[in-house]
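The values are calculated or read from the model by the stated rules, or taken from the named source; none is laboratory data. What you are looking at is a predicted structure, and each value in this text was computed from that prediction instead of being measured. Neighbour counts run over all protein chains shown; Cβ positions are idealised from the backbone, glycine included. When the accessible area is computed, the model is the full protein with side chains, heavy atoms only, and any ligands, DNA or RNA have been set aside. Shrake-Rupley method; radii C 1.70, N 1.55, O 1.52, S 1.80 Å.
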Amino acid sequence: MAARALGHPKSDPAAARAALAAMPWLARQSLTVGGLGYARFASGTWGSLPPCVAALLAVAVLPAGWWWGVSAVMLALLAWAAFGCERWGTRAEELVGTKDPSCVVLDEVAGMSIALLGHRWALRDGSEGLGWLWAALVTVGLAFVFFRALDIVKPPPCRALQEVKGGRGILLDDVLAGVYACVATHLVNPFMH
């Protein structure tokens, strides 16, 4: 397959699945985030959702005062994503035959995890009301919209980072988009002030 240029359609999910079949199960499942990367439409958006779900679940189950626990979960997801992209990203590019294949969405997990770092989460504390849920949904929603927009637009130097070879190149543009999204979310989130 030829390299995919900006605006060109993504690779066929069936062809990508067949190409990645040569990789070990754990590598394949990690890079495609359990198969979300094979989505026919907006695979990057689907790949960005697991950290959002993890953050909302953590907010719902962590005891009061453990707001930092959500960031700990995000750091664990970030570590897994960085390791996976670094370890298996280059091989995935070789097998699929394109730079930063659209079926590889583990980099979206990294970027979205960064976007959700450092927020002072309102946890469910057993009190009446759903204020904690509203605050969590607004925070996750803002971070998600900012990250997806910045990942698609790729402000400088995100686009240049895509040119880095191998798994690191797959990862770095999303990491920086995640940093931008995190800062933007902290600045505009009404629950952060």
- request: For Q29, put the label point 7 Å out on the Cα→Cβ axis and report which residues of segment 105-121 keep their amide N under 20 Å from it.
  value: 105-110
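Within segment 90-193, which trypsin sites (Lys or Arg not before Pro) sit in a loop by DSSP and count at most 11 neighbouring Cβ atoms inside 10 Å?
On the way: sites: R91, K99, R120, R124, R148, R159, K165, R168; in loops: K99, R120, R124, K165.
Loop-located and lightly packed - K165.
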- request: Give the share of C-alpha pairs in each 10 angstrom bin for the chain, from 0 to the last occupied bin, in whole percents, shortest bins first.
  value: 10, 37, 31, 16, 5, 0
- line: About its Cα centre, the chain carries a charge dipole, from +1 on Lys and Arg Cβ atoms and -1 on Asp and Glu Cβ atoms, whose size in debye to the nearest 20 is 280
- prompt: Where only protein heavy atoms count, and the probe is 1.4 Å, what is the accessible area per residue for the chain in Å²?
  reply: 48
Virtual spin-label span in nm between R120 and W80, 7 Å along Cα→Cβ: 2.9
task: Report in % the part of the accessible area of the chain that belongs to carbon and sulfur, leaving out ligands and nucleic acids; probe 1.4 Å.
output: 70
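Taking the Cα centre as origin and putting +1 on Lys and Arg beta-carbons and -1 on Asp and Glu beta-carbons, what dipole magnitude results for segment 53-146, to the nearest 20 debye? All intermediate terms of the calculation are to be shown ahead of the outcome.
On the way: 5 positive and 8 negative charges, 30 e Å.
Computed charge dipole of segment 53-146: roughly 140 debye.
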- request: At 1.4 Å probe size, with no ligands or nucleic acids counted, give the accessible surface of S71 in Å², nearest ten.
  value: 20
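Can you list the DSSP H helices in the chain whose Cα atoms extend at least 18 Å along the helix axis and whose mean Kyte-Doolittle hydropathy is -0.5 or higher? It would help to have the intermediate numbers written out before the result.
Numbers: long enough: 43-61 (29 Å, 1.39); 68-96 (39 Å, 0.72); 131-153 (33 Å, 1.77); 166-188 (35 Å, 1.13).
Membrane-span-like by this criterion, though nothing is claimed about a membrane: 43-61, 68-96, 131-153, 166-188.
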P(r) histogram, all alpha-carbon pairs of segment 46-127 included - 5 Å bins from 0, percent: 3, 16, 23, 19, 14, 10, 7, 5, 3, 1, 0
